[in-house]
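The values are calculated or read from the model by the stated rules, or taken from the named source; none is laboratory data. Note that this is a predicted model, so its numbers are computed, not measured. Virtual Cβ from ideal backbone geometry, glycine too; neighbours counted across all protein chains shown. Side chains included, ligands, DNA and RNA excluded: accessible areas come from the protein's heavy atoms. Shrake-Rupley method; radii C 1.70, N 1.55, O 1.52, S 1.80 Å.
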Amino acid sequence: MKKRTLICSALLATLAIGGGFSAPAISAETAADSTYDFRQETIYFVFLDRFSDGDATNNSGNNPLTYDPNNLKKYVGGDIRGLINKLPYLKSLGITAIWITPPVDNADNLDVNGGAGYHGYWGKDFFRVDEHLGTMDDFKELSQLMHTPEYNMKLVLDYAPNHSNGNDENEYGALYRDGQYITDYNTDVAAGTNWYHHNGGVTDWNNWYQVRNHNLFNLSDFNQSDAQVYNYLLDGAKFWIDAGVDAIRIDAIKHMDKEFIQQWTGDIYNYASTIGRDGFYFFGEWFGASATTTTGIDGYAIDYANTSGSALLDFGFRDTLERVLVGRSGNTMQTLNSYLETRSNVFTSDDWQVVFMDNHDMARISTALRSTASTFGPGNNEAGGGQSEAFAQKRVDLGLVATMTVRGIPAIYYGTEHYSANFTTNAFGQVGSDPYNREVMPSFAQDSEAFKIIQALTELRKTSPAIQQGSYSQKWLNDDILVYERKFEDDVVLVALNRGAATSINVSALSLADNYYTSLVGSDGVTVSQSAATLNLDQNEAIVLHGKTTSDNTELTDVTFTCNNGYTQWGQSVYAVGSASQLGSWAPAQAVKLDPAAYPTWQATIQVPSGESLEWKCLKRSESDSSALIEWQSGGNNTVNTSTQTQTSGSF
């Protein structure tokens, strides 16, 4: 069965409501077999310098002072060759996409605190590989191997179009193009060439202009509105795409104008399409982005997620999950469910946002669970859990199941599968934070429970449309237990999470067909009878069941529904609704959302009963409230005879 695929709504919204910048042109005929859908992926985030040292000869780089295997502020030896060597490990884990820290050539000197650019975010030449990490040939070999049938992995590039390197130290914002010097921060001032903003550092983090146009700390802030700067950043992205990159994680998206992001992602998307890479995916880092933050500067994140051309890393999900797993006051499974329901209303397509539990900017979840310090959470002021190592590991397992089964694309931080934790206090008094959340990969063993959970659920993500794009529906809830269902057409996944004491619960109104099921994690067996089941849950246990809905033996066929002239207002989308249950039985709340594949044309392929004459109409309604912003197609009903027709259209 051929299905239409939904391109990231952030990108599509650019088509509908983007400002004066060009938007990516997406063909109405692009289908799932030619446009890549990133929602089936499981991303694994690798810190190149910390993962594996495959070539000791490059460790010292151009400046031996930047390397010290015992100092996490400096390079410790990891490189591209090391990642190549460990691809079999990641294949065994089930990983399908690898996000790497920026491989671009970084500043060679140390900062005033004795730190080096091991992380990749102090770029000086966006057209070369940093010498500590290997060569361009190494990078191309990595890409080629990842794209072979043996691995079949996608490569995600971390890219920083916001800034280069420090303006007041080190190399003073020096910028090169494939070894050719362009400018530096001070020369730019003297020459008046406008490569950088020259407004000093951000002093008021509540000032939206400063956040976007001043230096982030002391990092030389690019002036993206200048044509030569724009072309440098665009050509840099194309350079890495030509080398095999399939997606881009946009660093510091919060600190750049949305109009730049819209144009830049659109131009990259179109370029990738010209070389046969339709569906190029973007997600951005907005520290503080949350479905529940609607005011202040971080309140703008929702608009960026919906209209900038890039999805976002969902920090709000991460923060909520940590609070629930730690057991902080007022944070229960009801809190988690509330967040998940809110994000489905706030984000145009929450299934395209990236969900995660660990990352490189906050203390690891295992540290937060086990420590008694109060330096955790987004403000570094929330209490740790003080849990035993064994108990905390069970909580990590619970969090992994949640991360990999809610709506969104999961990203696993290297080492989480080994419960990495570090209790060293950094220079800011924070336990386990930068650089101690960027430790050397602790192990490549494959026997941890977390490893097995990731392994099982990556396989589910590859095969289950319900997990990739299905609806979220809460089925049972109290302070300690959350049971939810993911459903797409006849594919169903049921997930139960219990952080509390062992108990048994009865769950009804399930979509799974009556049958006996074995959990994909653990070994529980569950019988579904008359759409109900008893779940026996130990403390910190998860159950994941996968199956099909109860069949009514109706033969279905694919029909492509098209609505023309579907111009929409903010928060509104176009749906097909009609006489069949698969079209919502004329109920706007049950209508089927179409994809704005070539706005204002909306289209989707829907399975409907075969051999019947159906009536239907185009419908506009609110994304979040099915009774709001309703506009029906005027005139008589559209008709389609599914015995003879595979396409049907209507128009506003």
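Contact map, segment 225-237: residues that are assigned to a helix (DSSP H, G or I) paired with residues that are open to solvent by 50 Å² or more (accessible area, probe 1.4 Å), Cβ distance under 7 Å, separation 6+ or inter-chain. Pairs shown: 232/177.
Output the residue which, of all residues in segment 477-509 that are open to solvent by 10 Å² or more (accessible area, probe 1.4 Å) and touching a residue at least 40 places away in the same chain (Cβ under 8 Å), is nearest to residue 369 (Cα to Cα). Result: 499. Got at least one residue in segment 619-628 being modelled with pLDDT of 90 or more and in a loop (DSSP other than H, G, I, E, B)? Within segment 619-628, not a single residue is modelled with pLDDT of 90 or more and in a loop (DSSP other than H, G, I, E, B). Number of residues in segment 412-432 that are closer than 20 Å to residue 395 by Cα and not in a helix (DSSP H, G or I) equals 11.
In segment 541-567, the residues that are more than 16 Å from residue 595 (Cβ to Cβ) and exposed (fewer than 15 other Cβ atoms within 10 Å of the Cβ) reach residues that are at pLDDT below 95 and among the polar types (S, T, N, Q) with C-beta atoms within less than 7 angstrom, at least six apart or across chains, in these pairs: 555/610.
Elements of the type strands (runs of 3 or more DSSP E) sitting completely within segment 486-587 and holding at least 3 residues that are among the β-branched types (Val, Ile, Thr): these cover 491-498, 503-507, 525-528, 556-564. Taking the conditions exactly as written (farther than 11 Å from residue 563 by Cα, open to solvent by 30 Å² or more (accessible area, probe 1.4 Å) and out of contact with any helix residue (DSSP H, G or I) (no Cβ under 8 Å at 6 or more places or on another chain)), does residue 626 satisfy them or not? No. Here residue 517 clears all of (1) more than 29 Å from residue 327 (Cα to Cα); (2) in contact with a Leu (Cβ under 7 Å, 6 or more places away or on another chain); (3) open to solvent by less than 10 Å² (accessible area, probe 1.4 Å) except the condition numbered (3).
Figure legend. Inter-residue proximity from segment 38-55: first residues more than 24 Å from residue 132 (Cα to Cα), second residues basic (Lys, Arg), beta-carbon distance below 8 Å, spacing 6+ or different chains. Indicated pairs: 38/154; 40/461; 40/462; 41/154; 41/461; 42/461. Just to be sure, is residue 365 farther than 30 Å from residue 488 by Cα and either among the basic types (Lys, Arg) or out of contact with any strand residue (DSSP E or B) (no Cβ under 8 Å at 6 or more places or on another chain) (or both)? Yes, satisfied.
Residues of segment 306-361 being open to solvent by less than 10 Å² (accessible area, probe 1.4 Å), in a helix (DSSP H, G or I) and β-branched (Val, Ile, Thr), which ones? Across segment 306-361, the qualifying residues are 307, 324.
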